[in-house]
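The structure appears right after this line, and notes come after that.
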There are 2 protein chains.
Amino acid sequence: MRPSAYCRRITAAAAIRPTQYRRKYSKLSSSAHIVLRHPPTVKRRNADSRARIAEIAGGQPWIAKAPVFIAVVVDLYKTGLGVEKAGAEQVFQRTLEGVLAAVSDAGIAMATLMAAARAFGLGIVPIGGIRRDPQAMIDLLELPPNTFPVDGVVLGYVAEESSQKPRMTIESFRHDEKYHPETLQPAIDAYDRTLQEYWQEIGRTDGFSWSANMAQHYSTFSRLIKSVAQKQGFTIEV
Amino acid sequence: MRPSAYCRRITAAAAIRPTQYRRKYSKLSSSAHIVLRHPPTVKRRNADSRARIAEIAGGQPWIAKAPVFIAVVVDLYKTGLGVEKAGAEQVFQRTLEGVLAAVSDAGIAMATLMAAARAFGLGIVPIGGIRRDPQAMIDLLELPPNTFPVDGVVLGYVAEESSQKPRMTIESFRHDEKYHPETLQPAIDAYDRTLQEYWQEIGRTDGFSWSANMAQHYSTFSRLIKSVAQKQGFTIEV
């Protein structure tokens, strides 16, 4: 199947995803938004764009090499046009509720894109790295106010299957009736051991335990994106 | 299939969902978290809990009536334990990046739960209404610091299929190469007309146009959840 054909079908699937705001008694409209970077009529420009996105995401070569990158963008610009048409002013983008509703919906769109792509036999690489420099993505995609690039997915045919990394036990993820903090420490200790064994098994010498990985990435302030979000309109006042 | 059986399979599917942080060269770990409210050993307590959640969500009777409600909770408490184990202190929950990464992942988990449930022949109702009173959900589920209830899904067998609400045209959702603001106004105008026709067709007299609906819900400050999020640890400092 040609990229233009599978892109059409995959984005159509994401467009009709179920969301908390798409029910019979829906209160709010959907707000995730897809910007598709697909094989272009002007080939050169597109390859340049993907190379640029690879750079923004911290040098992830598969973004440039694969035929398609789809960015998922939160879009409260479109909803704002509706509000204005009805004679009012939108304030939703100024609330944490607006951010949570829109970003959760963006996640649902991401998952739907990935599931549809897999159903067509394609490989996927989810990319959160575009948040390393959201302003560069805003400039590249010419995004209007009240939008924000959240993440994206690389699509293409799989050259070589990678092995399935083990996961932490389900007890650390599924809690019945209430949160059970006592299940976590044993699950973490077991997973740290499991991961070390897995790295040895696949011959990687630079693999961290889960805990060490968490410490490396969650203990420092990186990706300072609040100011860009505020400039776009997401001021999170209440 | 009994609820305990399908719950086990559906949450297992969500636990192995693809996320931007679950790749070979992953930098961060996953952070969405499932709290499952399933048919209990103590039946009375569970029915009470679902009735309470229905109330929190603004009186949505299907939450109390259906056998299962699964809440999706952002969980940076678990990751914090890993960071501490490695001798560091987690600051991720204090950043907008942390909120976006975790809530996007919660959306991916939501979509995976819904897709798995549908694959088992179940009906679903996504529920964002638990954010009407997140503190009540935190109390009910006994959620620790650095967690936040984002949304959830009602599961059960379908009594009566509802009709598929029309959607806005794909041009307003999929943008090729760059954002195309010029496509929006015609799409909005057409959709406002389509929705009015749809309400007439299904005999609803209280249906709004899309624009009127946006104006009603996006132009006022409702769901003031920032203070609860801050109290939980999500201070969004950078």
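The values are calculated or read from the model by the stated rules, or taken from the named source; none is laboratory data. This structure is a prediction, so every number in the text was calculated from the model and none was measured. All Cβ positions, even for glycine, are placed from backbone atoms using ideal geometry, and neighbour counts span all protein chains on display.
Things to note:
- When residue A:125 is tested against (1) outside any strand (DSSP E or B); (2) closer than 20 Å to residue A:7 by Cβ; (3) within 9 Å of chain B (Cβ to nearest Cβ), just one condition goes unmet, and that condition is (1).
- Options A:98, A:87, A:80, A:59; residue that is on the phi > 0 side of the Ramachandran plot and at the interface with chain B (Cβ under 10 Å from one of its Cβ atoms): A:87
- Filter result for residue A:16 (within 19 Å of the chain's Cα centre (by Cα) and at pLDDT 80 or above): no
- Residue, farthest from residue A:104 (Cα to Cα), within the stretch B:139-159, restricted to residues that are modelled with pLDDT under 90 and part of a loop (DSSP other than H, G, I, E, B): B:159
- Condition broken by residue A:122, with the remaining ones in (1) within 23 Å of residue B:175 (Cβ to Cβ); (2) surrounded by fewer than 20 Cβ atoms within 10 Å (Cβ to Cβ) satisfied: (2)
- Subset of the stretch B:187-205 that is more than 10 Å from chain A (Cβ to nearest Cβ) and in contact with a helix residue (DSSP H, G or I) (Cβ under 8 Å, 6 or more places away or on another chain) - its residue that is surrounded by the fewest Cβ atoms within 10 Å (Cβ to Cβ): B:205
Each row is one residue, and each column tells you yes or no for (1) more than 20 Å from residue A:176 (Cα to Cα); (2) in a helix (DSSP H, G or I); (3) at pLDDT below 90.
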residue	(1), (2), (3)
B:29	yes, no, yes
B:33	no, no, yes
B:36	no, no, yes
B:40	no, no, yes
B:59	yes, no, yes
B:71	no, no, no
B:81	yes, yes, no
B:88	yes, no, no
B:99	yes, yes, no
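- Residue match in the stretch B:168-175 (condition: surrounded by 19 or more Cβ atoms within 10 Å (Cβ to Cβ) and at pLDDT 95 or above): no
- In the stretch A:112-122, residue farthest from the chain's Cα centre (by Cα) [restricted to those that are at the interface with chain B (Cβ under 7 Å from one of its Cβ atoms) and touching a residue at least 40 places away in the same chain (Cβ under 8 Å)]: A:115
- Scope the stretch A:82-105; condition hydrophobic (A, V, I, L, M, F, W, C) and under 25 Å from the mean Cα position of the chain (by Cα); matching residues: A:91, A:92, A:96, A:99, A:100, A:101, A:102, A:103
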